[in-house]
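Participant: Pasting a structure below so you can have a look.
The values are calculated or read from the model by the stated rules, or taken from the named source; none is laboratory data. Not measured: the values here are computed from a predicted model. Reconstructed Cβ throughout: ideal geometry from the backbone, glycine too, with neighbour counts over all protein chains shown. Remember, those area values only see protein heavy atoms, side chains included, never the ligands or the DNA or RNA. Shrake-Rupley method; radii C 1.70, N 1.55, O 1.52, S 1.80 Å.
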Amino acid sequence: MTIIRPERPGDEAAIRAVLIDAFPTDAEARLVDRLREAGNLSISMVAEGDDDEVLGHVAFSPVATATGIFGAGLAPLAVRGSRRRRGIGGSLISSGLSVCRDAGVGWVVVLGEPHYYGRFGFRPAPEVGLTDEYGGGDAFQIVELAPGSLPIGAGMVRYAPEFASLVD
C-alpha cells in the first residue's frame, strides 16, 4: 500500500534519490534543493511504500503573473522508474492539488503532457490568455482550484527564480 503525505524533516535525501532516479540528470534534484533552501517549496508531498521507502515526490512552488496574481506551479513530479504506471504519480498530483486548495491556492500551472494532466482538470493556459517563460504553448496548462480565481488575460506567468537552475 502506498500513502501520500507531506514531506517531513529527514526526507530530503530520499526525495533527491527519487528525482535522480526519475530524470536523466540531477537538474530537478538541484531545483528542489534550491526551492527548499529559498523557502519556495510551498507544498512538497511524497509517496511512501509499505517499507517507508519514498517512491515518488511532487513539488509546488509560487508562480505569479506580471499583474501580481499569485498561484502555484506543479514541478517536478517524479516516481521511481521501477514503480511507474501504478497510479503513484496521479495520487501525488491529486493529493497535492487538494493540499493547494486547502491552503487557499486559487490556481495551479504545469508544463507537461496535455493528455496526462488533462485527467486532473488542467487545460491549455493560452486558452485563458496566459503564457510561460519557457515557450510551452499548449503544454503550459492551468487548473482552477477556487471558482473565479483564474487570472484570465494576465499574460506571462513566472516561476520562482530557482527554476533558472534548470538551465545551469
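Participant: Can you tell me how much longer the chain between residue 3 and residue 123 gets when fully stretched, taken as 0.36 nm per residue apart minus their C-alpha distance, in nm with one decimal?
Facilitator: Numbers: separation 120, 0.36 × 120 = 43.20 nm, distance 2.75 nm.
Contour length minus Cα-Cα distance gives 40.5 nm.
Participant: Rolling a 1.4 angstrom probe over the protein heavy atoms, how many square angstrom per residue are accessible across the range 1-145? Let's see the in-between values first.
Facilitator: Details: 6680 Å² over 145 residues.
The answer is 46 Å² per residue.
Participant: Related question: Could you rank the peptides 92-99, 62-69 by their average count of other C-beta atoms within 10 Å per residue, with the highest value first? Don't skip to the end; give the middle numbers.
Facilitator: On the way: 92-99: 20.1, 62-69: 15.4.
Result, highest mean first: 92-99, 62-69.
Participant: Treating the beta-carbon of each Lys and Arg as +1 and of each Asp and Glu as -1, no other charges, what is the dipole magnitude of the chain about its Cα centre, to the nearest 20 debye? Don't skip to the end; give the middle numbers.
Facilitator: Details: 15 positive and 22 negative charges, 72 e Å.
I would put it at about 340 debye.
Participant: Taking the alpha carbon gyration tensor of the range 97-138, what are the square roots of 5 times its eigenvalues, largest first, to the nearest whole Å?
Facilitator: Calculated on Cα positions only, the semi-axes equal 19, 13, 9 Å.
Participant: Given the options 92, 120, 58, identify the residue whose Cα lies farthest towards the positive end of the charge dipole of the range 40-143 (+1 on Cβ of Lys, Arg; -1 on Cβ of Asp, Glu).
Facilitator: 120
Participant: To continue, here is another question. Would you calculate a helix-derived [θ] at 222 nm for the chain, using -39,500 (n - 2.57) for each DSSP H run of n ≥ 4 and dividing by the full residue count, to the nearest 500?
Facilitator: -7500 deg cm²/dmol
Participant: Next question, about the same structure. State, to one decimal in nm, how far the label point of residue 23 lies from the label point of residue 164, with both points 7 Å from Cα in the Cβ direction.
Facilitator: In this crude label model, residue 23 to residue 164 measures out at 1.7 nm.
Participant: With the full set of protein chains in place, find how many percent of the accessible area of the range 73-168 is carbon and sulfur; take the probe as 1.4 Å.
Facilitator: 52 percent
Participant: Could I ask something else about it? Give me the net charge for the shell around residue 52: Cβ to Cβ below 11 angstrom, other residues only, Lys and Arg +1, Asp and Glu -1. If you can, show how the numbers build up before the last one.
Facilitator: On the way: positive: 5; negative: 11, 48, 50, 51, 53.
Computed value for this residue: -4.
Participant: Counting other Cβ atoms within 10 Å, which trypsin sites (Lys or Arg not before Pro) in the range 32-110 have at most 11 and lie in a DSSP loop?
Facilitator: Values: sites: 34, 36, 80, 83, 84, 85, 86, 101; in loops: 80, 84, 85, 86.
Those satisfying the criteria are 85.
Participant: Could I ask something else about it? Among 50, 26, 138, determine the one that fluctuates most according to a GNM of the chain built with springs between C-alpha atoms less than 10 Å apart.
Facilitator: Ranking 50, 26, 138 by mean-square fluctuation puts 50 first.
Participant: What dipole magnitude, in Debye to the nearest 20, does the range 1-69 give about its Cα centre under +1 on Lys/Arg Cβ and -1 on Asp/Glu Cβ? Write down the numbers at each step before the final one.
Facilitator: On the way: 6 positive and 13 negative charges, 90 e Å.
Magnitude of the dipole: close to 440 debye.
Participant: Would you calculate the volume per residue, in Å³, of the smallest convex hull containing every Cα atom of the range 41-136?
Facilitator: Details: hull volume 10.5 nm³, N = 96.
Cα-based convex hull of the range 41-136, divided per residue, equals 110 Å³.
Participant: Would you please state the base-10 log of I(q)/I(0) at q = 0.11, 0.14, 0.21, 0.22 1/Å for the range 1-88, with intensities from the Debye formula using one equal scatterer on every alpha carbon?
Facilitator: Each listed q corresponds, in turn, to -0.30, -0.48, -0.97, -1.05.
Participant: Here's something else I'd like to know. Evaluated at 37 °C with a viscosity of 0.692 mPa s, what Stokes-Einstein diffusion coefficient in µm²/s does the range 27-70 have when Rh comes from the Kirkwood expression over alpha-carbon pairs? Don't jump to the answer; show the numbers that get you there.
Facilitator: Numbers: Rh = 12.0 Å.
The calculation lands on 273 µm²/s.
Participant: Enumerate the whole-percent occupancy of each 10 Å bin, from 0 to the last occupied one, for all C-alpha pair distances of the chain.
Facilitator: Going from the shortest bin to the longest, the percentages are 11, 41, 37, 11, 1.
Participant: Here is a further query. Pick from 58, 105, 32 the residue whose mean-square fluctuation is largest in a GNM of the chain, springs joining Cα atoms under 10 Å.
Facilitator: Of the options given, 105 has the highest mean-square fluctuation.
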